[in-house]
Every structure is written in C-alpha cells, then in structure tokens.
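To keep things clear, I will list the structure first and then write my remarks on it.
The values are calculated or read from the model by the stated rules, or taken from the named source; none is laboratory data. Predicted model, so just to flag it, every value in this text is computed and none were measured. Backbone-built Cβ (ideal geometry, glycine too); neighbour counts: all protein chains shown. Side chains included, ligands, DNA and RNA excluded: accessible areas come from the protein's heavy atoms. Shrake-Rupley method; radii C 1.70, N 1.55, O 1.52, S 1.80 Å.
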Amino acid sequence: MGQISFSGLASGMDTSSWIEALVSIKQQSVTNLQTKQTKVQVSKSVLDTVKSSVSSLRTSVEKLTDAKFGGSFDLFAKNTVTTSNKNVVTASVTSDAARQSLDIVVNKLATSTTATSSFNSKINEDTVFNKLSSGNAKEGNFSVFVDGKKNTVKIDEGDNLGNILEKLNQIEGVNASVENGKFVINAEEGKDIVIGSSSDEANFASVLGLIKDEESGNYSSFSSISAISTSDKLADIFGDDVKGTFTIGNQEFIVDENTTLKSLIGNINSKTDAGVNAYWDASAGQLVLKSKAEGAFNINIEAGTSNLTDALGFTASEVDGEGQKTSSLVSGTQILGDYARLNINGTDIISSSNTVTSDISGIEGLTLTLHSVTKENDEGYKEPATVSVSQDSDTLLSAVKSFISSYNNAIETIDKNTASGETLYGETSLTSLRNNLRRSATAAVENTDLKVLANIGISTGEATNSTDTSGVNKLQINEEKFKKALAENPDAVKQLLLGDNKGLAESGGVLNKLEKITEDALSASDGYFAMKSKSYDSQVNSIKTSIDAAQRKVDSYKTRLQKQFNNMEQIIASIQQSYSQLSI
C-alpha cells in the first residue's frame, strides 16, 4: 500500500511544496536528457530530408544512366518522327529506326471487304401496313384530294399494301402501284392530286415517305422501303429455322426466339473476334457487314445450325446423305477490299492495310498510317509528304533538366543544414559528400571530344556579389546550346555524360561518377546515411535508457522525501499529544 501524506497537519508547514521543489531540482537531470534526445531526433529528421534530396538526385541520374539496359530505358536511342503532311500520312517510331528522311506519295488507300445480304426485304403488295415503321404505322382514314375534291381512304386492321392499292385505284384520276420497294401514286393527265389533310387518322404518307414531284404532280416514296423493322424478331421474319448458331469471323453467335435484328447487330458489333462492323441499310433493306481490317480477303461467314445466313443470302448450305451440313459463300455477296499503293523514296510499295508496318515497307522500327491519297498540284505533280526520323532531343532534354534540378536541390539542402548554427553543422562526411558531387559535376572527362558539361550548355552560375556566391554552386542549362551539341555530335554528348556506362566511376562519364557517389552514400549496408541513421538511433535508445534510469531515481527520491516528512509530522504530532496531556 502506498504512503499516505498529510502535508503539515502537525507542523503547520507546507511540506508538499517543499517536496515538489526538491524533486524539481532532481527532475532537471531528466529534462536535460529529454532535451538531448529531442535534439538527436531532430538531427535524424533533418538527415532524412538531406537523404531524400540525394535519393532524388540518384533517381534523376539513373533515368539517364539506365541507357545501359537498352530498349525503352535508353533515352539517347529514343527517336521521334514528324511528317510534313499529316492529312496524308502519320507515323510512329521505335528506337530501332534509322534516323532519316523519307518522301512518301500515297497513290491509293486500302479498302475493306463488304458483304451485303441478298434477301429482298423491300415492301410489296403483301406487306402488312401496320407492321411498317417498327410497328408505328397507324390505321384509320387518310385523305386524297383530286382537283380539290376530298376522297377518304380507310386503312383497316390487317390491310396489306395490295388492299390499300385497290382502294386508291377506285378513286377517279388516281393510279397507284408498288415499284421496286417504293409506293407510287400517279395522277391521270390533267388531274391535280394532294395526299393527306390535318384531320387524317392514319400516318400513311409519312410511313411510306411520300414526296410530291412538283413537275409531274405525282407522289413517290423518297427511297426504297424495307418491310423489315430492326425491332422485329428474326424468327418472325424468317421462321423457326433461324434458331441456332452461325459464325462470322472467328465468333459464334446464337439466335433464339427473342433475338431481334437490332440485338443481333449490336451483338456482332460488340464482338472483337467477329472482325466486322454490321449495320442495317433500311433504304435497301439489306444487312451489311464491313470488315474492320483492310485487304482483299473474304469475310468468313458459316451457317452452323441456324439457317439465318442462308436466308439473308450470305451462304448456301447443303446436307449430305449422312446429315452433315456444309455451307459456302454465295458469289457476288462480297465486294473484296483493295490494297494500298504508295511510293517511298521512289520505290513502289503495296500493302493490304493502311497501316504500313516495317515488315511491309522494309524500314525497321517505322510504322506508317495512311489517311488520304496524295493530291496533284496545278502542274499535275504529286508533292510527297516528308517523314523525318530524328533523335528525341526533347525527352532527353527533359531528363537532363530534371537531373539539374535534383542536383541543385541536393547541394542547396546540404549547404543549408550544415551551415554554422544549423542542425548538421560539423558533419564533415556530409560536407565531403557535397564537395564530391560538385567536383564530379564540374571536372573534365578524359577520352572524349567534349570534355566538360559546359561544352554542352550545362554550367555553374555566376556570383551575384562578393558575399553571395550561392549561384556558383548550382548548375544551369542553355537549352539551345545543348540541342545544338546533341544535333551535331550525339555520340560525344553521350560519351561525356555516360562514358562506357559500365557503372565504374573511373571509366564513366559525369553522370556515372555522380551515380557512384550517390549510391555509395545511400547504400543500405554501409552508406553514410545508413550508418549515421543507425548512430542516431543508437543515441536515442541510449538516452532513453538513461532517461528511464534517471526518472526512477527521481521517483525514488520523491518517495523517500515523502516518507521522511511524514515521519517528521508523526513525531511532531506525538510530541504535541504528550504536551497536551502534561498541560492537563
């Protein structure tokens, strides 16, 4: 059980305050240790900030030195491509392409194969009126005026176009017929006819697209009209034999009792393996399949267990004596695509596609995309589009600028935190790292045509005055000079920056030396930052142990004082009690 203290009950003195005052003197030793611990923790935090700046420098350097891995890592090998006429041809390029200029004339674009159904779905006299316009045709009365005299024609439920023709042809001065999918209403000579009035119930004229020819005075559908609606179920159009499977391209499709023409078209267009775009040509009443790839080859269409492709006229199927079904393409239903024809630097090239890859052109690493045929000028000359492959200096410049920014930030961060009075002041290893970075960035490189970074536009700044020389510690770049050096001697620029790029500072370029310095400093096993961080951690743990020990001493001291003062109070109380008894 803990000691109970009754401050000054017998002596009348504030012994609790005395204890707190005495303990606070002892507590100062703990406070001093805590302050020391905080200082070490702050130093470690600042060290982490410096480490981060050096790590960013290493990352920016490695973006350039990673050229040793080749491929997309080699920014020095990266190419860019431009074209003088993007309306005719565009291009993409890899690092495998030679840097060159090509004159290109496009004489013909490649086209895609088109398959068109031969099924005749145009309206005829048997077509039921209320089935037209996706079922939106309205029955009822409509008006026919002959020389201003109104005649009313009633379309009854289930009337086909033949019924309507009979009713129209009973009107004096009117001669109606269905011709090649169009509804035609002719006026007898000298008669003027007008179809429709504001009181009509049936939408006869709009459904059949009737347009009056002002010269002849006759009416005719604007274009051929399909008797099939895309909302119609295929089984209703063609019968139950369409249920089953069929194939387009490498994709199998299923037709069931609920499949409509619209849903089938959507399904075809959603399947990549079908390799076609499908649409319904309403005016012609035909299903059209257009290959997504250009070239003179057939679209693969196979009947399967459904007879839909036979009904549409794409295929013709036969069943042999053993019940085996085979289908073949119907001649004339497919119009084959054509080849692209172009001329590259005087050489004629034929391509099955408008995307001309290196295996077709023979130009490694270059892909051309043809957009239009080259037009002739007034003199009948076809001006070539010039495609130019060159080094991607913009990407390389961006990486170099990123390196310079990271370098300047690392130098500035080290200088700021090692200055007199700052947290890491006196860290000679850190200032030595900073000096090595600066020395390597400004030193000459042997066995190269370009000796120092200044030769390619990368140099230190000038001092702004006699007291502020911070500018000379930073790098800056003259972009025009850098691009000029890169254009005139790209190999020498690479040699200056990378050397042999084998990861050895002595045979490497400027960036290899910087990479080696930063990697050594950042090594997780024995690098400066790892070792210093471990030292700080060790100090923090050691101080924490000292704090815990010191705090225990303070607590023990406080307990001892409380016990001593309590004993004193008890003695005084005992004396006072004895004195009180004597007085009686």
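Scanning the range 528-584 for residues that are at pLDDT 90 or above and polar (S, T, N, Q) yields Ser533, Ser535, Ser538, Gln539, Asn541, Ser542, Thr545.
Residues in the range 324-364 that are open to solvent by 70 Å² or more (accessible area, probe 1.4 Å) and in a strand (DSSP E or B): Lys325, Thr326, Ile335, Arg341, Thr347, Asp348, Ile350. For the range 359-376, the set of residues classified as without any contact (Cβ under 8 Å) to a residue 60 or more places away in the chain and among the hydrophobic types (A, V, I, L, M, F, W, C) consists of Ile360 only.
Checking the structure you have, find out if any residue of the range 20-29 is modelled with pLDDT under 90, touching a Phe, Trp or Tyr at 6+ places or on another chain (Cβ under 6 Å), among the polar types (S, T, N, Q) and open to solvent by less than 60 Å² (accessible area, probe 1.4 Å). Checked against the condition, which is being modelled with pLDDT under 90, touching a Phe, Trp or Tyr at 6+ places or on another chain (Cβ under 6 Å), among the polar types (S, T, N, Q) and open to solvent by less than 60 Å² (accessible area, probe 1.4 Å), the range 20-29 yields no hits at all. Within the range 541-584, the set of residues being in a helix (DSSP H, G or I), farther than 30 Å from Thr38 by Cβ and open to solvent by 70 Å² or more (accessible area, probe 1.4 Å) comprises Lys563, Gln564, Gln570, Ile571, Ile575, Gln576, Gln577, Tyr579, Gln581, Leu582, Ser583.
Could you tell me which of the residues Thr152, Thr127, Thr114 is out of contact with any Lys or Arg (no Cβ under 6 Å at 6 or more places or on another chain) and touching a residue at least 60 places away in the same chain (Cβ under 8 Å)? Just a single option satisfies the conditions, and that option is Thr127. Scanning the range 110-138 for residues that are over 15 Å from Phe204 (Cβ atoms) and either in a loop (DSSP other than H, G, I, E, B) or aliphatic (A, V, I, L, M) (or both) yields Ala110, Thr111, Ala115, Ser117, Ser118, Phe119, Asn120, Ser121, Asn124, Glu125, Asp126.
Annotation note: Cβ proximity below 6 Å between a residue of the range 404-419 that is within 12 Å of Arg438 (Cβ to Cβ) and a residue that is of a type in the set (D, E, K, R) and not in a helix (DSSP H, G or I) (sequence gap 6+ or interchain) occurs for Asn408/Lys474. Does at least one position in the range 97-108 carry a residue that is within 29 Å of the chain's Cα centre (by Cα), assigned to a strand (DSSP E or B) and over 16 Å from Thr355 (Cα atoms)? For the range 97-108, residues within 29 Å of the chain's Cα centre (by Cα), assigned to a strand (DSSP E or B) and over 16 Å from Thr355 (Cα atoms): absent. For the range 430-450, the count of residues that are in contact with a helix residue (DSSP H, G or I) (Cβ under 8 Å, 6 or more places away or on another chain), over 30 Å from Phe76 (Cα atoms) and in contact (Cβ under 8 Å) with a residue 12 or more places away in the chain is nonzero.
Just give me the residues in the range 189-203 being without any contact (Cβ under 8 Å) to a residue 24 or more places away in the chain and either open to solvent by less than 40 Å² (accessible area, probe 1.4 Å) or among the small types (Gly, Ala, Ser) (or both), in sequence order. The answer is Gly190, Ser198.
Per-residue answers, yes or no, for (1) over 17 Å from Ser220 (Cβ atoms); (2) surrounded by 18 or more Cβ atoms within 10 Å (Cβ to Cβ); (3) modelled with pLDDT under 95; (4) out of contact with any helix residue (DSSP H, G or I) (no Cβ under 8 Å at 6 or more places or on another chain):
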{"residue": "Ser143", "(1), (2), (3), (4)": "yes, yes, no, yes"}
{"residue": "Asn151", "(1), (2), (3), (4)": "yes, no, no, yes"}
{"residue": "Glu157", "(1), (2), (3), (4)": "yes, no, yes, no"}
{"residue": "Val174", "(1), (2), (3), (4)": "no, yes, no, no"}
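If the condition is being in contact with a Gly (Cβ under 9 Å, 6 or more places away or on another chain) and farther than 14 Å from Lys138 by Cα, then the range 194-219 contributes Val194, Leu210.
Let me spell it out: the conditions are (1) of a type outside the set (Phe, Trp, Tyr); (2) surrounded by 20 or more Cβ atoms within 10 Å (Cβ to Cβ); (3) out of contact with any Gly (no Cβ under 9 Å at 6 or more places or on another chain), and Ser390 meets all of them except one. Which number is the exception? Failed condition: (2). One residue stands out among those in the range 69-81 that are surrounded by fewer than 14 Cβ atoms within 10 Å (Cβ to Cβ) and in contact (Cβ under 8 Å) with a residue 12 or more places away in the chain: the one that is nearest to the chain's Cα centre (by Cα), which is Ser72. Of the residues making up the range 98-128, those that are surrounded by 20 or more Cβ atoms within 10 Å (Cβ to Cβ) and under 30 Å from Asp74 (Cβ atoms) are Leu102, Ile104.
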